[in-house]
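Notes for the one structure printed next.
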Amino acid sequence: MALVTALRRLALVRLRECSRRTAAVTSGAWLTGQRSFTTGTQSLRSDNKVTVNFINRDGEKITVKGSPGDSLLDLVINEDLDFDGFGACEGTLACSTCHLIFDEDVYKSLGRVTDEEMDMLDLAYGLTDTSRLGCQICLTKSLDGIVARVPESVADIRQSKDGSS
C-alpha cells in the first residue's frame, strides 16, 4: 500500500511539473481568471494547439491536437484513441502501457528521463533506445508535429495469460 501511495504522490508531482511548464509556455488572462474586454477571452484556437502524429500498431497514422501542458497519455484519452491496453495505470507511473517510441532527434528534445520512468520502461515490451512513457511527456509548442510510435505489443497486467480481461 505504501508503494501505491508513493507512486500516486510521484504522479501528482509530475502533473504539477506539467502545469508549471504550461504556465511558462502559455500566457493569457484566462490563467489568472481575469477577462480581457479588448480582445475577448482567449479561446483554445488551433494555433494554441500542438499537433502530434501517432503511428498505431497497424501502421495507421493518426494526427491529433492537444493543449500545451497535456501529457501524451492525456491526449490519447481526451481524443479517445483506440490503442488497446494503453494507459492502464492512468498516468500514475505504475505500469509501462503508455510506452511510445520516438525518432532520435525527438527523443533528445523530450528532456531527462527520471529513475522512476526508467524502472517502468524496463517492464515495457519492445523497448528501444528512444522509448519513453507517454504519461511523462508534456506537450509544448516546441514538440509541434512530433511522431510517436505505439509499440506492437503492450504489457498490461489487467489481462490474463489467455488474453481475456
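The values are calculated or read from the model by the stated rules, or taken from the named source; none is laboratory data. Because the structure is predicted, anything quoted here is derived from the model rather than measured. All Cβ positions, glycine included, derive from the backbone under ideal geometry; neighbour counts span all protein chains shown. Areas reflect the complete protein model, heavy atoms only, side chains present, ligands, DNA and RNA absent. Shrake-Rupley method; radii C 1.70, N 1.55, O 1.52, S 1.80 Å.
If you check Thr63 against the conditions, is it surrounded by 13 or more Cβ atoms within 10 Å (Cβ to Cβ) and either at pLDDT 95 or above or in contact with an Asp or Glu (Cβ under 6 Å, 6 or more places away or on another chain) (or both)? In short, no. All of Arg132, Arg112 fail the test of being open to solvent by 10 Å² or more (accessible area, probe 1.4 Å), closer than 18 Å to Asp70 by Cα and not aliphatic (A, V, I, L, M), apart from Arg112.
Residue under question is Asp80, and the condition is that it be surrounded by fewer than 21 Cβ atoms within 10 Å (Cβ to Cβ), of a type outside the set (Phe, Trp, Tyr) and within 24 Å of Met118 (Cα to Cα); does it hold? Reasoning before the result, please.
Numbers: surrounded by fewer than 21 Cβ atoms within 10 Å (Cβ to Cβ): yes; of a type outside the set (Phe, Trp, Tyr): yes; within 24 Å of Met118 (Cα to Cα): no.
No.
Suppose the filter is under 17 Å from Arg149 (Cβ atoms) and either of a type in the set (S, T, N, Q) or out of contact with any strand residue (DSSP E or B) (no Cβ under 6 Å at 6 or more places or on another chain) (or both); does Asp58 pass it? If you could, list the steps in order and put the result at the bottom.
Working: under 17 Å from Arg149 (Cβ atoms): yes; either of a type in the set (S, T, N, Q) or out of contact with any strand residue (DSSP E or B) (no Cβ under 6 Å at 6 or more places or on another chain) (or both): yes.
Yes: the conditions hold for Asp58.
Please go through the stretch 44-82 and pick out each residue that is assigned to a loop (DSSP other than H, G, I, E, B) and more than 13 Å from the chain's Cα centre (by Cα). If the condition is that a residue be assigned to a loop (DSSP other than H, G, I, E, B) and more than 13 Å from the chain's Cα centre (by Cα), then Leu44, Arg45, Lys49, Asn56, Arg57, Asp58, Gly59, Glu60, Asp80, Asp82 are the ones that fit.
Taken as a whole, the condition of being modelled with pLDDT of 90 or more, farther than 18 Å from Glu152 by Cβ, open to solvent by less than 50 Å² (accessible area, probe 1.4 Å) and in contact with a Lys or Arg (Cβ under 6 Å, 6 or more places away or on another chain) applies to Thr92. Answer with yes or no whether Ala148 is among the small types (Gly, Ala, Ser) and modelled with pLDDT under 95. So Ala148 fails the test.
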